[in-house]
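The values are calculated or read from the model by the stated rules, or taken from the named source; none is laboratory data. A quick note: this is a predicted structure, and the numbers were derived from the prediction, not measured. Cβ placement follows ideal geometry from the backbone for every residue including glycine, while neighbour counts extend to all protein chains displayed. With ligands, DNA and RNA removed, areas are computed over all heavy atoms of the protein, side chains included. Shrake-Rupley method; radii C 1.70, N 1.55, O 1.52, S 1.80 Å.
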Amino acid sequence: MLAKESVEKSFTHNTSSDISNRHLLILYGSQTGCAQDIAERIYRQARRRHFKARVYPMDDYERANLINERLVIFICSTTGQGDEPSNMRKFWKYLLRKNLPNDILNQMKFAVFGLGDSSYVRYNWPAKKLLKRLLQLGAQNILPRGDGDDQHYLGIDGALDPWLKNLWEIIMEQYPLTPNLEVLSDDILLPARFRVEFIDQKFDENKKKTNDDEVYARLVKNERVTAHDHFQDVRHIELDIDGAELKYAPGDVAVIRPKNLSEEVNEFIKMMNLSDIADDAFILIPNDEDHKIPPHWNFPLTLRKLFEDYLDIFSTPRRSFFEFLKFFVTNEDHIEKLKEFCSAEGQDDLYAYNQRVRRTIDEVLQDFSSANIPLEYIFDMFPEIQPRQFSISSSLKAHPGQIHLTVAIVKYKTKLQKPREGVCTKWLSGLVPDECFIPISISRGTMGLPASTSTPIILIGPGTGVSVMRAFLEERIYEGATENYLFFGCRNQDRDYYYKDQWKQYIDAGQLRVFAAFSRDQDKKVYVQDIIKENAQLVWDIMHEREGYVYISGRSDKMPTDVMNAFKYIFMSEGGMNEVDAEKYIKTLEMKRRYQQEVW
């Protein structure tokens, strides 16, 4: 492939003096892989400009070396209601250390790009806080913060493209190329990160690496808890962790590493014309010192196991996928269409073809059937399967040696004929109890119960948001608490009222009061915020007179804002506050951890 040879020669002919001062560090915090994809895109753009670039998740970077960095690009996403992504939290905690001098980073020039959704109150909160803290530590910002917005009609790219254009103009002005170098065209294919070397060895399933904190839990129950004529399939899942050194507290999160279905992977392998080598073992070898083999790939693999366990071939591809794919198609129409998709003018068409209908990588490759992707580029093009997080819906005290989950199976329609399905929940829904083991680890949650069981708590969990509330209730009731108030919302009392039999037992025992909103059981829709307002005097008494706690969990659409407005209404109507004072009161509750929420 001529393009590949030319770029390799270009890099080979660079002398150390040409690029000795051209070092760039790219750090990202990513929850779903989007920020990682952007970071790797910036890495490729940096290489085209002859920078010696490195890319790390923030928590994987050796933080003590930050004082030696001269040029750093930070990419960070947002999770929940303005929280840092999980692979940024240790890094952020380090930056917040009070003993750090206010000039410790004065040698650093930096830029920050955030990923978020402007419909949320704390839009791009991590990026905003990171920028502020870096300035406090003496670093020099070279470009206004970029704010990627899911609400933009082009998604994140709507803000990212102009931000990157400005970024490189500023960087190249400060780090100009020597006369013997030029920026490499986008029509030149960069070398792959790794090369594939087949070995005369059988794949050993027992050598497959797991994370240090991950265990395999036996599936003991996988039961549908919605009526069979209900539009959504929701499962109550029970896992046996007896004997495993896996502890959790109410509010913690189960992290599950899903797989692709073997029969679908087999069809994908056939389509890719890889059947003859799909079960041959190989190892990965880095093509340069900047890339390390990830621990979970640093052992003999097969293509079949790679597609089943690690690569998200049924996800919606990001723009970088199309930027690579254009090099590997041979049909002239395919070449022209992909060039259009990769151009600034073609972003509307790419969005309509890809993101709007949630087309998958598998489906794109069926459309662009002339593609012949070299094996070594699979690792650059296909994203990794990301672990999924589910609120644990059980108390370890009430269910020793078990983890319970409440999982909504993701399945929906777009303009495409075939329904869209979530990779993880599709896999989970087909697992058979007592025959399957699920890789699972625990992530500490953001919500925690009050120290005293006599403190009253209000639990607001519409839909599957009730899962973590069940964990809280089981823990509290096990410890003898009776001041528990649950506000639950669903569509129909007889179709999706989760755990109603368990709630009845608690109600009969005087351990719980339940206030339920069934939005479709009457002409006028009723939601949890409505029944909160209906019980304004009780809520005011719990929160103000008795210093209770409130917990909110569920979808991060309008619900958290609507619920907060309901509390604001109560504080104004029952407490005699004006709107400003009511908002301050809620912020005080948040600071005291008496108003906690976990949404997704």
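Below is a table of values for the structure above.
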read-out: Count of the range 484-495 residues which are within 28 Å of the chain's Cα centre (by Cα) and either open to solvent by 10 Å² or more (accessible area, probe 1.4 Å) or among the small types (Gly, Ala, Ser) (or both); value: 3
read-out: Qualifying residues in the range 410-463 (those that are among the hydroxyl-bearing types (Ser, Thr, Tyr) and more than 25 Å from the chain's Cα centre (by Cα)) - the one farthest from Ile531 (Cα to Cα); value: Ser452
read-out: Residue tally, condition closer than 22 Å to Trp163 by Cβ and part of a loop (DSSP other than H, G, I, E, B), over the range 317-360; value: 9
read-out: Condition met for Tyr499 (under 21 Å from Gly463 (Cβ atoms) and open to solvent by less than 80 Å² (accessible area, probe 1.4 Å)); value: yes
read-out: Tyr506 vs. criteria among the aromatic types (Phe, Trp, Tyr), under 23 Å from Glu483 (Cβ atoms) and touching a helix residue (DSSP H, G or I) at 6+ places or on another chain (Cβ under 9 Å); value: yes
read-out: Pick from the range 364-377, criterion assigned to a helix (DSSP H, G or I) and under 13 Å from Phe322 (Cα atoms), ranking: most open to solvent (accessible area, probe 1.4 Å); value: Asp367
read-out: Qualifying residue in the range 409-422 (condition: assigned to a strand (DSSP E or B), open to solvent by 60 Å² or more (accessible area, probe 1.4 Å) and not acidic (Asp, Glu)); value: yes
read-out: Residues within the range 523-561 that are of a type in the set (D, E, K, R) and within 12 Å of Val599 (Cβ to Cβ), tallied; value: 3
read-out: Contacts under 9 angstrom Cβ, first residue in the range 220-237 being modelled with pLDDT of 95 or more, partner of a type in the set (Gly, Ala, Ser) and surrounded by fewer than 16 Cβ atoms within 10 Å (Cβ to Cβ), 6 or more apart; value: Asn222/Gly430
read-out: The listed residue being of a type outside the set (Asp, Glu), surrounded by 13 or more Cβ atoms within 10 Å (Cβ to Cβ) and closer than 26 Å to Glu421 by Cβ, out of Arg193, Arg224; value: Arg224
read-out: Candidate set from the range 576-595 (those that are touching a Phe, Trp or Tyr at 6+ places or on another chain (Cβ under 6 Å) and open to solvent by 10 Å² or more (accessible area, probe 1.4 Å)); member that is nearest to Val468 (Cα to Cα); value: Arg594
read-out: Selected residue (criterion: most open to solvent (accessible area, probe 1.4 Å)) from residues of the range 503-553 that are in contact (Cβ under 8 Å) with a residue 60 or more places away in the chain and more than 18 Å from Pro456 (Cα to Cα); value: Tyr527
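The rows are residues; the columns are (1) modelled with pLDDT of 95 or more; (2) at positive phi; (3) basic (Lys, Arg).
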{"site": "Ile104", "(1), (2), (3)": "yes, no, no"}
{"site": "Met108", "(1), (2), (3)": "yes, no, no"}
{"site": "Tyr120", "(1), (2), (3)": "no, no, no"}
{"site": "Arg145", "(1), (2), (3)": "yes, no, yes"}
{"site": "His152", "(1), (2), (3)": "no, no, no"}
{"site": "Leu164", "(1), (2), (3)": "yes, no, no"}
{"site": "Trp168", "(1), (2), (3)": "yes, no, no"}
